[in-house]
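Scroll down for the structure; my scribbles are underneath it.
The values are calculated or read from the model by the stated rules, or taken from the named source; none is laboratory data. Predicted model, so just to flag it, every value in this text is computed and none were measured. Neighbour counts run over all protein chains shown; Cβ positions are idealised from the backbone, glycine included. Please note that ligands, DNA and RNA were not included when accessible areas were found on the heavy atoms of the full protein model with its side chains. Shrake-Rupley method; radii C 1.70, N 1.55, O 1.52, S 1.80 Å.
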Amino acid sequence: MFSMFLGVVGLKQASAQCSESESALVVEVTTDTYPSEISWEVVMDGEVVLSGGPYAEAGTVYADTLCFPTSDEPCIQFEIF
């Protein structure tokens, strides 16, 4: 079994790569013993904006961050397959 964290966080909690006028979407995936079977996508307003996998290492945390304007109110969809 793998574990996954998906969150939208403010600047104070986000990675330093986002500016003050941006929010961060953080995806963290911890792989299980079948990392090559894990793939995912983040779809924002109908467009794939972030994706990951398949992975090579078992028991490893992989993290990705997407910055987007704080003023936006996007429809965000997370798909894992």
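For segment 32-63, name all the residues that are in contact with a Phe, Trp or Tyr (Cβ under 7 Å, 6 or more places away or on another chain), open to solvent by 40 Å² or more (accessible area, probe 1.4 Å) and assigned to a helix (DSSP H, G or I).
36
Restricting to segment 53-76, give me the number of residues that are touching a residue at least 12 places away in the same chain (Cβ under 8 Å) and either more than 14 Å from residue 24 (Cβ to Cβ) or of a type in the set (Val, Ile, Thr) (or both).
Counting residues in segment 53-76 that are touching a residue at least 12 places away in the same chain (Cβ under 8 Å) and either more than 14 Å from residue 24 (Cβ to Cβ) or of a type in the set (Val, Ile, Thr) (or both) gives 15.
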